[in-house]
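What follows is a set of notes on a single structure, which appears directly below.
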Amino acid sequence: MKGYLVIFIVLLVVLGCNDSEPKQVPFYYKNSICGYNVQGIAFQDSIDKDYCNIILTFRNKVTNKSFSVNGGKRSTLYYIPKDGQDSIYLSYEETNTPAPNIYLTASTEPFCFMDLDFDGIKELMTDLEPNIGQYGVGVFNTIYKIKADSLIDVTSQFRINLAYSA
């Protein structure tokens with residue numbers, strides 16, 4: 001009996017390991033976000049299968065120009081299609097919280113538009129790294145300004161060197 005159990009476990013492990021191709025799930029946001037239609041692809045991480053790497057594409061509703069960015073990582077639990085479907089449709093709640101009071105939650109999307117430099121134009125924060133930070137929720141690693149549907153990486157303008165803080 002023990003021999004059959006060992007064979008069964010070995011078969012489960014071997015068959016489970018044959019899934020060498022990471023799973024890809026396309027997803028779409030139902031509503032437009034800051035004038036953009038947003039869609040993405042979640043690729044199951046080849047090392048940590050509990051997470052997906054995300055590529056986001058933003059298409060301007062007026063100019064029809066688009067750009068793509070790294071969305072970072074997010075739990076695979078957010079990207080499980082319903083039975084018989086091959087893609088996911090998500091809702092996005094836009095935050096109106098002023099920049100100094102930004103609070104992320106465990107359900108944080110892999111991007112966020114927020115006016116970080118108080119110039120009246122929202123910057124795009126993306127490249128989410130989950131489960132780190134003060135409350136273990138995550139941080140955005142990249143910040144872009146968008147001008148004429150082109151991205152300008154302004155991340156370094158917002159970095160604070162805490163090593164020299166007293």
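The values are calculated or read from the model by the stated rules, or taken from the named source; none is laboratory data. From a predicted model like this one, the values you see are computed outputs, not experimental measurements. Positions of Cβ are generated from backbone atoms using ideal geometry, with glycine treated the same way; all protein chains shown enter the neighbour counts. These area figures cover heavy atoms from the full protein model, side chains too; ligands, DNA and RNA do not enter into them. Shrake-Rupley method; radii C 1.70, N 1.55, O 1.52, S 1.80 Å.
List of remarks:
- Qualifying residue in the stretch 43-56 (condition: over 14 Å from K23 (Cα atoms) and among the charged types (D, E, K, R)): no
- Of all residues in the stretch 68-91 being more than 13 Å from G40 (Cα to Cα) and of a type in the set (A, V, I, L, M, F, W, C), the one that is nearest to the chain's Cα centre (by Cα): L77
- A residue that is under 27 Å from C52 (Cβ atoms), modelled with pLDDT under 70 and open to solvent by less than 30 Å² (accessible area, probe 1.4 Å) occurs nowhere in the stretch 140-157.
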